[in-house]
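Beneath this line is the structure, given in structure tokens, with notes to follow.
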Amino acid sequence: MFKKFSILSILIVAALYLLLFSSLLFFLNEPNAVDLSRITYSIFLSISTATVSTIFSMIVALPSAYALSRYNFFGKTIVDALLELPLVVSPLALGAIVLLFFDNPIGKWLAAHGITPIFQISGIIVAQFITIVGVAIRMIKQAFDSVPRYYENVARSLGANSFQSFRTVVIPLAKKGILASFLVCFAKSIGEFGATLMIAGSMPFKTETIPIGIFLSLSTANISRAVWLIIILILIGLTSLIASRYIIR
């Protein structure tokens, strides 16, 4: 009885999402009925910035995740809790924090020396990075936790130092988890909206990512363009998530 109830529950949830997605078809017009150049720009900008921010997050996450997985250090519990910040604080609030940072003396000094992401494409990368780096560290840490330390100990007994054992033993054994983390963070970057809006703004043909494009389209009652962008966002996100789960499996 409980088996039927549990299966029915998940089918109802899936049907709800399917109903919502399929309702978009009622507002769908031909692609040439909307501004294709603007849609193409949003897609290119989202993919390119998401790729850059995800690569940066991987560079930071690999050693950070290894430190959390293998070492004990002062303040580890606090650091581990701070990684959950993007989950408990909305991206809009994170973006506001960055925006306010560049209004304090340190931020003003950086801006005076040409280092400011505010209302720039670099701001999109910063927004995406701060929302995904914690997720990347958390996922890669789980991949490293699944690698027995025995193999590292064997490598070190054969003369490898800590970095060599990390590079030649841990990374290859955890590569599926790392790749899955990359895809999940990429998908999350593509869909990032709140922090991007606060840091980079919503300027057409400049900082208009796919989510920003959806926001601007709806604000100007351009339903057709918004629907096309939503469908594209869903396809990119689902493809990345399905690929990551296939890799892990």
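The values are calculated or read from the model by the stated rules, or taken from the named source; none is laboratory data. All values derive from a computational prediction rather than experimental measurement. Note that we place each Cβ from the backbone using ideal geometry, even for glycine, and neighbour counts take in every protein chain shown. Just so you know, the surface numbers come from the protein's heavy atoms only, side chains and all, with ligands and any DNA or RNA stripped out. Shrake-Rupley method; radii C 1.70, N 1.55, O 1.52, S 1.80 Å.
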*asked:* On a straight-distance basis, which lysines could pair with Lys4 in a cross-link, Cα separation under 17 angstrom, same-chain partners fewer than 8 positions away excluded?
replied: none
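Can you order the peptides 74-83, 45-54 by their average number of other Cβ atoms within 10 Å per residue, highest first?
Working: 74-83: 11.0, 45-54: 21.4.
Per-residue Cβ counts within 10 Å, averaged per peptide and sorted highest first, yield 45-54, 74-83.
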*Have a look at Leu25, Ile78, Pro117 and report the one farthest towards the positive end of the charge dipole of the chain, computed about the Cα centre with Cβ charges (Lys/Arg +1, Asp/Glu -1).*
Ile78
*For Lys175, which aspartates and glutamates qualify as cross-link partners when the Cα separation must be under 16 Å and same-chain residues fewer than eight apart are set aside?*
Asp145, Glu152
*Report, in deg cm²/dmol and to the nearest 500, the calculated mean residue ellipticity at 222 nm for the chain, where each DSSP H run with n ≥ 4 adds -39500 (n - 2.57) and the sum is divided by the residue count.*
-23500 deg cm²/dmol
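Which order do the peptides 220-232, 126-138, 151-163 take when ranked by the mean count of other beta-carbon atoms within 10 Å per residue, highest first?
On the way: 220-232: 18.3, 126-138: 24.2, 151-163: 12.8.
The densest-packed peptide leads the list: 126-138, 220-232, 151-163.
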*Jot down the radius of gyration and Dmax of region 49-102, Cα atoms only, both in angstrom.*
13.5, 35
_Could you work out the relative contact order of region 159-241? I mean the mean sequence separation of Cα pairs under 8 Å and 6+ apart, divided by the number of residues, in percent._
31
*Just report the Cα centroid separation between region 110-137 and region 182-211, whole Å.*
11
_More than 26 angstrom apart: percent of Cα pairs within the chain_ = 52
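By per-residue mean of other Cβ atoms within 10 Å, what is the highest-first order of 87-99, 172-184?
Ranked from most to least packed, the peptides come out as 172-184, 87-99.
List every DSSP H helix in the chain whose Cα atoms extend 24 Å or more along the helix's own long axis and whose mean Kyte-Doolittle hydropathy is at least 0.5. It would help to have the intermediate numbers written out before the result.
Working: long enough: 2-22 (30 Å, 1.95); 36-70 (49 Å, 1.10); 121-145 (36 Å, 1.43); 223-248 (37 Å, 2.02).
Those that clear 24 Å and a mean of 0.5 are 2-22, 36-70, 121-145, 223-248.
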_Surrounding net charge for Asp80, when Lys and Arg each add one and Asp and Glu each subtract one, Cβ distance under 10 Å_ = +2
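Compute the length gained on full extension between Lys108 and Leu235: take 0.36 nm times their separation in residues and subtract their Cα-Cα distance, giving the result in nm to one decimal.
Details: separation 127, 0.36 × 127 = 45.72 nm, distance 4.01 nm.
Taking 0.36 nm per residue and subtracting the Cα distance, the gain is 41.7 nm.
Report, to the nearest whole %, how much of the accessible area of the chain belongs to carbon and sulfur atoms, 1.4 Å probe, protein only.
Its accessible area is 73 percent carbon and sulfur atoms.
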*With θ set to phi - 60° and the Karplus curve 6.51 cos²θ - 1.76 cosθ + 1.60, what are the ³J(HN,Hα) couplings of region 194-207 in order, to the nearest whole Hz, using x for Gly and Pro?*
x, 5, 4, 4, 6, 8, 9, x, 9, 9, x, 6, 9, 10
*Debye equation applied to the C-alpha atoms of region 114-184, log10 I(q)/I(0) at 0.12, 0.13, 0.17, 0.23 Å⁻¹*: -0.47, -0.53, -0.70, -0.93
*Can you work out the accessible area per residue across the chain, with the rest of the protein chains kept in place, probe 1.4 Å, in square angstrom?*
58
*asked:* Under 8 Å for C-alpha pairs, at least 6 residues apart: give me the relative contact order for the chain, rounded to a whole percent.
replied: 30
